[in-house]
Amino acid sequence: VESHERVRWRDRVLDVTVKHLPNGWRVQTLGDVTHEKSADALLQASEERLKLALDATGLGLWEYLATKDEVYLSPSWQQILGYPPEPRWVPSVYLTTLAVENGAELFRAALVDLLKGVTRHFCVEHQAVKASGVIIWLQPEAEVAERDPQGRAVRVVGTTKNITERK
C-alpha cells in the first residue's frame, strides 16, 4: 500500500510518499518540489500576461508546425474570426477555406518564402470570411521560431490582426 501527500515545511513544498511493506516496515521518501511549483506559478503568470497583451492589441496568435502541417489557433485568433475563443489545432489546409479571393495564395507564398529562408519575416494583407459570413481584412505576420539541425524550418509563430477598419 502506498500513500502520497504534498506538504509545506518552512519555505519548502515537499511530496511525501509512504510505502507499507509486507514485513511491516515502512519506507518514506521526500521530494522537494518547491522549484517545480515556482516554475508553474511563473508559467501561469506569463500566460496571463500574454493573454492580456493579445487582448489589448487585438492580435490573434498562431503557430505552424511544418513536420505535421498543422496550425495552432489561439482563443484570441478564434475570436477575430467569430469562433468560440477556444484554442485548437487544425490542418493547415483549413485556413484556405477562410480566405477570400487570392488571400490563400498570398499567405501560402509568403509562408513558403519564410520556410525556405528567402525572407526572415512576412506581413501580408488579405480578406477572409468570418463565421458569420462577413468579409474582413486580416494582416498576418510571422517568423521562423525553430529550425532543425539541417536548417529546415520546423516551427513558425505569428500573429493576425483584423485591419478592416483601416482598410
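Modelling each spin label as a point 7 Å along the Cα-to-Cβ direction, I'd like the LYS130/THR96 distance in nm, to one decimal.
If labels sit at LYS130 and THR96, their model points lie 2.6 nm apart.
In nanometres, what is the gap between the two model label sites at CYS123 and ASP15, each 7 Å from Cα along Cα-to-Cβ?
Calculated label separation equals 4.6 nm.
Just to confirm, what accessible area per residue do you get for the stretch 19-104 at 1.4 Å probe, in whole Å²?
The answer is 66 Å² per residue.
How would you classify the stretch 1-126 from its alpha-carbon gyration tensor, with a ≥ b ≥ c the square roots of the eigenvalues: rounded for a/c under 1.5, else prolate if a/b is greater than b/c, otherwise oblate? Write down the numbers at each step before the final one.
Values: a/c = 3.30, a/b = 2.69, b/c = 1.23.
It comes out prolate by the Cα gyration axes.
Taking amide H positions as placed in the peptide plane 1.01 Å from N, state which residues far from THR164 in sequence (5 or more) or on other chains have amide H under 5 Å from it.
Residues meeting the amide H criterion: TRP137.
Probe radius 1.4 Å, ligands and nucleic acids ignored: give me the carbon and sulfur share of the accessible area of the chain as a rounded percent. Don't skip to the end; give the middle numbers.
Working: 5990 of 10950 Å².
Carbon and sulfur together cover 55 percent of it.
For the stretch 36-167, give the magnitude of the charge dipole about the Cα centre (Cβ charges: +1 Lys/Arg, -1 Asp/Glu; no others), in debye to the nearest 20.
Values: 15 positive and 18 negative charges, 38 e Å.
Dipole about the Cα centre, nearest 20: 180 debye.
In terms of Cα to Cα distance under 30 Å, which lysines are near enough to LYS68, apart from those fewer than 8 places away along the same chain?
Within reach: LYS51, LYS116, LYS130, LYS161.
Enter the accessible area of SER3 (Å², nearest 10), with the probe set to 1.4 Å and all protein chains included.
60
If r is the Cβ-Cβ distance from LYS51 to ASN23 and R0 is 45 Å, what FRET efficiency results, to the nearest 0.05? Walk me through the numbers before you get to the answer.
On the way: r = 53 Å, r/R0 = 1.19.
For LYS51 and ASN23, the calculated efficiency is 0.25.
Measuring from centroid to centroid over Cα atoms, what is the spacing of the stretch 99-165 and the stretch 4-66 in Å?
Using only Cα atoms, the two centres lie 35 Å from each other.
Please find, in a Gaussian network model of the chain (springs between Cα atoms separated by less than 10 Å), the residue of ARG147, ARG108, ARG26 whose mean-square fluctuation is greatest.
ARG26
The values are calculated or read from the model by the stated rules, or taken from the named source; none is laboratory data. Remember, it's a predicted structure, so these values are computed and weren't measured experimentally. Virtual Cβ from ideal backbone geometry, glycine too; neighbours counted across all protein chains shown. In case anyone asks, the SASA skips ligands and DNA or RNA and just uses the protein heavy atoms, side chains included. Shrake-Rupley method; radii C 1.70, N 1.55, O 1.52, S 1.80 Å.
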